[in-house]
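Working notes, beginning with the structure itself.
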Amino acid sequence: MSQLCNHVFEGKLCGVSSKIKFDCDKHLTMSSGNTQRETPDIETSSDDYARRFAGPAGEYFLSIQEKAFQCVLPARPDCSVLDVGGGHGQLVPIFINRDCELTIFGSDESTHRRVREAYPDATIAYATGDVLKLPYEDNSFDIVVAVRLISHIEAWETLLKEFCRVARHSIIIDYPSWISLNALTPVLFSIKKRLEGNTRTYKSFSRWQLSRVLRQHDFKVACTWNQFVLPMFLHRALHGTKWLQVTERGFRGLGLTALLGSPAVMRADRVTRR
């Protein structure tokens, strides 16, 4: 049975040239000849998206996300990491501090701008292409990570298949969990949209649903770390007020976050066949 991580870590986080169109307020698709690619990372690497993580609420979100990653990351210093859709830069400080060999993969060159500007002296490799057809050999990276991505990808099973193919040891993703207030998304989304304005629709998952696909590609869920019981838009609407953060700590202490928290950060490890 998979282990559920409950550790708490202290930490502090720190014009597209191609033809694009907005698809049902969900994600962007980039046209290339007669084919289209799923490119939600163009949005998540934008200045507008970064503003969603500004201010007290945003700082709180990023600090909790860092704790989640510190919990689930395997103890592999100096490892090679592929951050797919990582143009938002949210994970860069974690891997720089671990002296990892970091590659950020985006669906368009524009997705790298913010990280290049924020970390001009960091040793980071950048690559672009189709996130569903990663241009790497099998087992090319020790770890493949992706946050703010799978919930905006229609062909999410193909995405996971690619992650499993190029990951030598582990993959780490985050996802909105159905076993949470996300079950009320059809009711709450209109409220979320009014409060946040630039929010997108998204797909929620169950742990079982993702685990099933991972097992098909010789990966097994090792641990998960759930982040919030209360909806993130509520934290934003109340400007990251401290009493909500205290409430979240209370939920975690009672074990409710482990059961009902979202988004969840999940690590899956390659299964060695005998």
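The values are calculated or read from the model by the stated rules, or taken from the named source; none is laboratory data. The structure presented is a predicted model; accordingly, all values stated were derived computationally and were not measured. Every residue, glycine among them, receives a Cβ derived from its backbone with ideal geometry; neighbour counts consider all protein chains shown.
Restricting attention to segment 29-46, does a residue exist that is surrounded by fewer than 18 Cβ atoms within 10 Å (Cβ to Cβ), among the small types (Gly, Ala, Ser) and either at pLDDT 95 or above or in a helix (DSSP H, G or I) (or both)? No - not one qualifying residue is present in segment 29-46. Of the residues Phe105, Phe69, the single one that is surrounded by 14 or more Cβ atoms within 10 Å (Cβ to Cβ) and over 20 Å from Glu162 (Cβ atoms) is Phe69. Taking Ile124 as the residue in question, decide whether it is closer than 21 Å to Phe69 by Cα, surrounded by 14 or more Cβ atoms within 10 Å (Cβ to Cβ), more than 18 Å from the chain's Cα centre (by Cα) and of a type outside the set (Lys, Arg). Considered against the rule, which asks whether it is closer than 21 Å to Phe69 by Cα, surrounded by 14 or more Cβ atoms within 10 Å (Cβ to Cβ), more than 18 Å from the chain's Cα centre (by Cα) and of a type outside the set (Lys, Arg), Ile124 comes out as yes.
Scanning segment 108-136 for residues that are of a type in the set (Val, Ile, Thr) and part of a strand (DSSP E or B) yields Ile124, Thr128. Report whether or not Ala68 is of a type in the set (Gly, Ala, Ser) and not in a helix (DSSP H, G or I). Taking the combined requirement at face value, the residue does not satisfy it.
If we keep just the residues of segment 72-102 that are more than 28 Å from Phe233 (Cβ to Cβ) and of a type in the set (Gly, Ala, Ser), which is surrounded by the most Cβ atoms within 10 Å (Cβ to Cβ)? For segment 72-102, the residue satisfying everything is Ser80. Scanning for something touching a strand residue (DSSP E or B) at 6+ places or on another chain (Cβ under 6 Å), part of a helix (DSSP H, G or I) and more than 16 Å from Pro40 (Cα to Cα), does segment 78-94 turn up at least one residue? No, there is no match, as no residue in segment 78-94 is touching a strand residue (DSSP E or B) at 6+ places or on another chain (Cβ under 6 Å), part of a helix (DSSP H, G or I) and more than 16 Å from Pro40 (Cα to Cα).
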